[in-house]
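Enquirer: Starting off with a structure, shown below.
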Amino acid sequence: AQSVTQPDIHITVSEGASLELRCNYSYGATPYLFWYVQSPGQGLQLLLKYFSGDTLVQGIKGFEAEFKRSQSSFNLRKPSVHWSDAAEYFCAVGSTNDYKLSFGAGTTVTVRA
Amino acid sequence: DSGVTQTPKHLITATGQRVTLRCSPRSGDLSVYWYQQSLDQGLQFLIQYYNGEERAKGNILERFSAQQFPDLHSELNLSSLELGDSALYFCASSWGDTQYFGPGTRLTVL
């Protein structure tokens, strides 16, 4: 069975500082991995995805993520956080059979001035 | 804007009632997925349809059912509602391996 763990429930970061959100997955084969962001009262927006190839993937809004098979991780990073990055971030693993997603519990990011 | 639309945006109803949530996928997408987001369970996959056929099933209660119509829109039917069914219900659509989510329907059961 596929599953995702996001160890950090809540992270507070200063505006302009770097951000790293952790994600560990469990999947029997090469996974499809995703990061989504949910702003308050909004739906889920896709930030980036990894299927194969280059293990460092670039996404929207200046985010990037690195796939590390040896650590079963897919951590999300941003070099300099903006106040508008305050949101909840979800890591997800997708089944390669039917693409259904299993989500982590989410990490809430608070940005302080 | 993902291109996926969901109606209604909010729904308030009473226990024991039945409701229908509607989803229109992005143009050209054949797959529709339904997810439930609640405080205690997080985001959970419910069911997937592909071109009118059920493709995969997740943690969907027997009181819940879904279908996808020939024009590819989908409906999620929730019956005999309980307080615990209060949640945000998302629809997502895809052509292949990437899902795009709608804004969700917030269901409140009183």
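Enquirer: If A:TYR50 meets every condition in (1) open to solvent by 50 Å² or more (accessible area, probe 1.4 Å); (2) free of Cβ contacts under 8 Å to residues at least 40 places away in the same chain; (3) within 14 Å of chain B (Cβ to nearest Cβ) apart from one, which number is that one?
Expert: Only one criterion in (1) open to solvent by 50 Å² or more (accessible area, probe 1.4 Å); (2) free of Cβ contacts under 8 Å to residues at least 40 places away in the same chain; (3) within 14 Å of chain B (Cβ to nearest Cβ) is unmet by A:TYR50, namely (1).
Residues checked against (1) touching a residue at least 60 places away in the same chain (Cβ under 8 Å); (2) surrounded by 15 or more Cβ atoms within 10 Å (Cβ to Cβ):
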position: A:ILE9; (1), (2): yes, no
position: A:GLU20; (1), (2): no, no
position: A:ASN24; (1), (2): no, yes
position: A:GLY41; (1), (2): no, no
position: A:LEU46; (1), (2): no, yes
position: A:GLN71; (1), (2): no, no
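Enquirer: Ok, one more. When the stretch B:16-40 is examined, which residues are found to be in contact (Cβ under 8 Å) with a residue 12 or more places away in the chain, over 23 Å from B:THR98 (Cβ atoms) and out of contact with any Asp or Glu (no Cβ under 8 Å at 6 or more places or on another chain)?
Expert: In the first step, residues of the stretch B:16-40 are kept if they are in contact (Cβ under 8 Å) with a residue 12 or more places away in the chain; the result is B:16-38.
With over 23 Å from B:THR98 (Cβ atoms) added as a condition, the list becomes B:16-20, B:38.
Correct list: B:GLY16, B:GLN17, B:ARG18, B:VAL19, B:SER38.
Enquirer: Continuing with this model, one more query. Which residue, of B:SER80, B:SER74, B:SER65, B:SER86, is away from chain A (no Cβ under 14 Å) and surrounded by 21 or more Cβ atoms within 10 Å (Cβ to Cβ)?
Expert: Details: B:SER80 fails: surrounded by 21 or more Cβ atoms within 10 Å (Cβ to Cβ); B:SER65 fails: surrounded by 21 or more Cβ atoms within 10 Å (Cβ to Cβ); B:SER86 fails: surrounded by 21 or more Cβ atoms within 10 Å (Cβ to Cβ).
After applying the criteria, what remains is B:SER74.
Enquirer: Test of understanding: among B:THR5, B:THR13, which residue is in contact (Cβ under 8 Å) with a residue 24 or more places away in the chain, open to solvent by 40 Å² or more (accessible area, probe 1.4 Å) and not aromatic (Phe, Trp, Tyr)? I'd like the intermediate steps shown before the answer.
Expert: Numbers: B:THR13 fails: open to solvent by 40 Å² or more (accessible area, probe 1.4 Å).
B:THR5 is the lone residue from the list that is in contact (Cβ under 8 Å) with a residue 24 or more places away in the chain, open to solvent by 40 Å² or more (accessible area, probe 1.4 Å) and not aromatic (Phe, Trp, Tyr).
Enquirer: What are the residues in the stretch B:19-59 that are more than 10 Å from chain A (Cβ to nearest Cβ), crowded, with 18+ Cβ neighbours inside 10 Å and under 12 Å from the mean Cα position of the chain (by Cα), if any?
Expert: B:VAL19, B:LEU21, B:CYS23, B:SER24, B:PRO25, B:VAL32, B:TRP34, B:GLN36, B:TYR49
Enquirer: Restricting attention to the stretch A:57-104, and to residues there that are within 21 Å of B:LYS57 (Cβ to Cβ) and hydroxyl-bearing (Ser, Thr, Tyr), which single residue is nearest to the other protein chains (Cβ to nearest Cβ)?
Expert: By that ranking, first place goes to A:TYR99.
Enquirer: Also, quick follow-up: For the stretch B:94-102, check the following and say yes or no: at least one residue is under 20 Å from A:ASP98 (Cα atoms), in contact with a Ser or Thr (Cβ under 8 Å, 6 or more places away or on another chain), in a strand (DSSP E or B) and open to solvent by 10 Å² or more (accessible area, probe 1.4 Å).
Expert: Looking for residues that are under 20 Å from A:ASP98 (Cα atoms), in contact with a Ser or Thr (Cβ under 8 Å, 6 or more places away or on another chain), in a strand (DSSP E or B) and open to solvent by 10 Å² or more (accessible area, probe 1.4 Å), one finds at least one in the stretch B:94-102, hence yes.
The values are calculated or read from the model by the stated rules, or taken from the named source; none is laboratory data. Predicted model, so just to flag it, every value in this text is computed and none were measured. All Cβ positions, even for glycine, are placed from backbone atoms using ideal geometry, and neighbour counts span all protein chains on display. Keep in mind that these areas ignore ligands, DNA and RNA; they rest on the heavy atoms of the full protein, side chains included. Shrake-Rupley method; radii C 1.70, N 1.55, O 1.52, S 1.80 Å.
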